[in-house]
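*Asks:* Here it is, the structure, as structure tokens.
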Amino acid sequence: MPKVVITFPEGKHKVLTMSYDDGKAADRRLVEIFNRYGIKGTFHLNSGLFGTGDRIPENEVAELYRNHEISVHTVTHPTIARSPKEQLLHEILEDRKNLERITDYTVRGMSYPNGSYNSYIKELLPYLGIEYSRTVNSTGDFSIPDDLLEWNPTCHHNKELMQRADDFLNLHKKQYLYMMYVWGHSYEFDNDQNWDLIEHFCEYVGNREDIWYATNIEIVDYMKAFKNLKFSASSQFVFNPSAMSVWLSVDEKIFEVKGGSQLLLTEEALAE
């Protein structure tokens, strides 16, 4: 039986994703930096607060975040673990509806406002169309999440970011998949006067051939597509019922299993 393991697209084994909350004016500068270095971000927005204070106005949202993902952060940013269920439902569903109206795509992700959540909220989210939600509980590691509704990031950008970047770039054991997940608020760069930090980080880790740069939902969709692959009992062939391609390492050779196709994976199977 062949040794089959998942890889990221094009056989890569590392992914970088960025996650920023609240949709304030500093996102304009952050998005420009991401775009310059080929980095993808997920921006968690409060649709009920668009245009208030220094927040991005609604009419700018679709174009500003066009190359990235926008995601639920509730309508008005309450501490939802303290909210009645009626308010909880309203805050999440209405934010989804508002964001989907603006972007014309299905919004399926979230980050917990004020880092607030509990087991009841986690159980409820799939019924509200939410497939993942990010916490503020940094792990310091590069693991793939086991629980997408309690998705813990690697680090906040103010917590040893460049050291984490060094560690990430030096990961070379291809028997593992690695994910670096950075979170924060763009206005913190203004407050801390350290835009040079994120500029340096993005220049350092961006535009590399061995890293997949993805939004949160792209990672979710890819991992689900892998789980949906239909392997023969002998692992000699596989059928991909999803629309997207999935890449596999088969005895250390990289195979692309295109959406809607079946692929032979071994020389023995090809010979037959």
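The values are calculated or read from the model by the stated rules, or taken from the named source; none is laboratory data. As the structure is a prediction and not an experimental result, all values here were calculated from the model. Please note: Cβ atoms are built from the backbone with ideal geometry, for glycine as well, and neighbour counts cover all protein chains shown.
*Asks:* Condition check: without any contact (Cβ under 8 Å) to a residue 40 or more places away in the chain, of a type in the set (D, E, K, R) and not assigned by TED's automatic domain parsing to the domain that holds residue 264. Does residue 58 satisfy that?
*Replies:* So residue 58 fails the test.
*Asks:* To continue, here is another question. Looking at (1) crowded, with 19+ Cβ neighbours inside 10 Å; (2) in a loop (DSSP other than H, G, I, E, B), which one does residue 201 not meet, given that it meets all the others?
*Replies:* (2)
*Asks:* Any residue in the stretch 143-161 that is within 15 Å of residue 47 (Cβ to Cβ) and either assigned to a loop (DSSP other than H, G, I, E, B) or over 19 Å from the mean Cα position of the chain (by Cα) (or both)?
*Replies:* Taking every residue of the stretch 143-161 in turn, none turns out to be within 15 Å of residue 47 (Cβ to Cβ) and either assigned to a loop (DSSP other than H, G, I, E, B) or over 19 Å from the mean Cα position of the chain (by Cα) (or both).
*Asks:* Suppose we keep only residues that are of a type in the set (Lys, Arg) and under 16 Å from residue 15 (Cβ atoms) within the stretch 159-187. Which one would you say is surrounded by the fewest Cβ atoms within 10 Å (Cβ to Cβ)?
*Replies:* So the residue we want is 173.
*Asks:* Quick one: residue 101 ticks every box in (1) in contact with a helix residue (DSSP H, G or I) (Cβ under 7 Å, 6 or more places away or on another chain); (2) in a helix (DSSP H, G or I); (3) not aromatic (Phe, Trp, Tyr) bar one, so which box is it?
*Replies:* It is condition (1) that residue 101 fails.
*Asks:* Can you work out which of the residues in the stretch 116-142 that are part of a strand (DSSP E or B) and touching a Ser or Thr at 6+ places or on another chain (Cβ under 7 Å) is surrounded by the most Cβ atoms within 10 Å (Cβ to Cβ)?
*Replies:* Only one residue fits best here, namely 134.
*Asks:* Another question, if that's okay. What's the number of the condition residue 200 fails, among (1) in the same structural domain as residue 31 (by TED's automatic domain parsing); (2) out of contact with any strand residue (DSSP E or B) (no Cβ under 9 Å at 6 or more places or on another chain); (3) farther than 30 Å from residue 30 by Cβ?
*Replies:* (3)
*Asks:* Could we say that residue 161 is farther than 18 Å from residue 90 by Cβ, in contact (Cβ under 8 Å) with a residue 40 or more places away in the chain and in contact with a Ser or Thr (Cβ under 8 Å, 6 or more places away or on another chain) here?
*Replies:* Against the criterion (farther than 18 Å from residue 90 by Cβ, in contact (Cβ under 8 Å) with a residue 40 or more places away in the chain and in contact with a Ser or Thr (Cβ under 8 Å, 6 or more places away or on another chain)), residue 161 does not qualify.
*Asks:* Separate question: Please give the number of the condition residue 32 fails out of (1) in contact (Cβ under 8 Å) with a residue 24 or more places away in the chain; (2) within 20 Å of the chain's Cα centre (by Cα).
*Replies:* Residue 32 satisfies every listed condition except (1).
*Asks:* Still on this structure, please answer the following. Looking only at the stretch 79-91, which residues are of a type outside the set (Asp, Glu) and either under 23 Å from residue 216 (Cα atoms) or part of a helix (DSSP H, G or I) (or both)?
*Replies:* 79, 80, 81, 82, 85, 87, 88, 89, 90
*Asks:* Okay, moving on. What about residue 218, is it modelled with pLDDT of 95 or more and closer than 16 Å to residue 19 by Cα?
*Replies:* yes
*Asks:* Tell me, please, whether a residue that is under 18 Å from the mean Cα position of the chain (by Cα), in the same structural domain as residue 181 (by TED's automatic domain parsing), at pLDDT 95 or above and more than 19 Å from residue 187 (Cα to Cα) can be found in the stretch 86-94.
*Replies:* No, the stretch 86-94 contains no residue that is under 18 Å from the mean Cα position of the chain (by Cα), in the same structural domain as residue 181 (by TED's automatic domain parsing), at pLDDT 95 or above and more than 19 Å from residue 187 (Cα to Cα).
Residues are listed down the side, and each one gets a yes or a no for (1) hydroxyl-bearing (Ser, Thr, Tyr); (2) under 18 Å from residue 157 (Cα atoms); (3) buried (at least 21 other Cβ atoms within 10 Å of the Cβ); (4) touching an Asp or Glu at 6+ places or on another chain (Cβ under 8 Å):
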| position | (1), (2), (3), (4) |
| --- | --- |
| 1 | no, no, no, no |
| 11 | no, no, no, no |
| 15 | no, yes, yes, no |
| 19 | yes, yes, yes, no |
| 37 | yes, yes, no, yes |
| 59 | no, no, no, no |
